[in-house]
Structure formats: structure tokens, C-alpha cells
């Protein structure tokens, strides 16, 4: 099981760290436009790797991606350097789209030429429209984005903190865009089988929405980049693909009904997403999801027209 990572910045390095410590793959290749950075990240991880499940870890160029089962695309400007850290800006991560689309037009054809059978996992922000662009550039449908899996985990963590329970005991999902138009599915959130809306006051719900929607900015304000959570999430998605788990995860996949990549609970396995599920939603949530899809359609049109 071989995984490639294109981009050895903060997020790419965090993805590599998560893959190594979780034992997600038997071989990891790190590629970066600055070969010295890829070499340094691989070397740093290699020194700790003897304490982790066995893995072959090295840097390389695009040719070394040959035979990869999955390639993580993490290259691009981040929210801090791209000026996407204003809670009052409705664009949110979409402010990074034009710059990162240019980077993807360069790297995706090189990845596909080297690893034509690989599933492409788009991690770079904003991941959903970039996944649509990557899908067009790759010429196949084995393209997914990290989507709202991290947002859903944040939702569970913040709900659990308010309720005083273990996050593992909370069932809650976020769907739509990985961005400001994302939709928190309060109507189906549960703890111990009890709807959480019955356990939370309206002002608490509003606070949780803010905490989840802008968690990335809060992290960036204290640590320059949001990297470790997405690294773990990316490793988990890779595992579902590499092991053909058919796990149900809220990640981004092209949805013909909406005409764009967005997140809904999806069956994830060797070919990427094989089926998209439709969760129960309130009328308000359904309308919000349609609005989120429209935001993504407009963003995609911006880089493909």
C-alpha cells in the first residue's frame, strides 16, 4: 500500500506524520517543488519511524509516485498566507481558490502521468472546487476531497464539551462545503440516542456553530496554521481507500445532483467514493445545503469558465 504526498509544507508534513504513526501505509513518498524540504521532512520522520508500524519513507520527484494507490494533494497557499482569516469575510477559504487552482493545473497532470491508477485526495483549501478541477484535469472520477470530515469531528468535540460527555458518544455531521456555507445537521445529532437539540439551549447552539465554522481561524491565530487535525483526517481517509473498507465518511465527492463536489455521507473504498448517501434533514437544512452547493457552483465557474 503506497501513498504519495505532493506538498511538504505544514499540512503535508502533518499528513505524513499521521500516516507514519497510524501505520496507514507501507510506503510513503513525499514530493515538493523544493526537493530539500521534502528530503528534510522525510528524514525527520524516518528517525522516529522505528517506534511506529513498519514503513518505507522517502522523498522523490513525480516519477517516484509510480504505483501509488493514493496521492494526497496538499500543495498551495494556506489560509494565513492567502489572507483567508477574516471571520467577517463570506468568501472564507474560497479566497485561496484562484491561486491554488493555478498550482493544481501544474501538479495534477504530473501526478496522473506518474500514477494513473491512484485515487487523488484533495487536501488543499478550498478542497471542494479544487477536487472538481482535479477531476477535470485527471480525466477520471477517482478524486475526493477531505470535505467536512474534520468539520464533523469539530462538531462532535464542541457538542461533547457543552454536554460534558466523551466526543465518541456524540453522533453529529456537517455537510456541504468545507467552508463558511457548511451545514451542521442539528436535526440528526444524537448523544446516547437523545436528540441534542433537546439538550441544548438556542444560544448554546449558536455558540457551537461559531466554534465549528471558524475553528480553523482560531487555530491559525494561535499557531499560524491549522494542520494536525487535517493530517489525521487525511490519514483516516487514506486507510479507508487502501483497505477498501467501504466506510461511511462525510467527505467530498462529485455529486451529479448538485453538479459539484460537496460533502455528504459517502461509502469510501478502493475506487474512492462508490456511493453517496442522503441523510435525513430538516427543510431548513435541505435549503441550506442547496445554498452551499450554489456557492460551490459559482466558485467552480470562476476557475473553469
Just one of 230, 276, 251 is over 20 Å from residue 94 (Cβ atoms), at pLDDT 95 or above and within 18 Å of the chain's Cα centre (by Cα); which is it?
276
How do the helices (runs of 4 or more DSSP H) wholly within region 1-102 filter down when requiring 1 or more residues that are surrounded by fewer than 23 Cβ atoms within 10 Å (Cβ to Cβ) and touching a residue at least 40 places away in the same chain (Cβ under 8 Å): which remain?
10-22, 79-82
Residue satisfying all of: in region 192-237; touching a strand residue (DSSP E or B) at 6+ places or on another chain (Cβ under 7 Å) and surrounded by 20 or more Cβ atoms within 10 Å (Cβ to Cβ); nearest to residue 284 (Cα to Cα) among these:
196
Which numbered condition residue 156 misses (of (1) buried (at least 24 other Cβ atoms within 10 Å of the Cβ); (2) at pLDDT 95 or above):
(1)
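The values are calculated or read from the model by the stated rules, or taken from the named source; none is laboratory data. Model, not experiment: these values are computed from the prediction. Cβ atoms come from the backbone with ideal geometry, glycine included; neighbour counts cover every protein chain shown.
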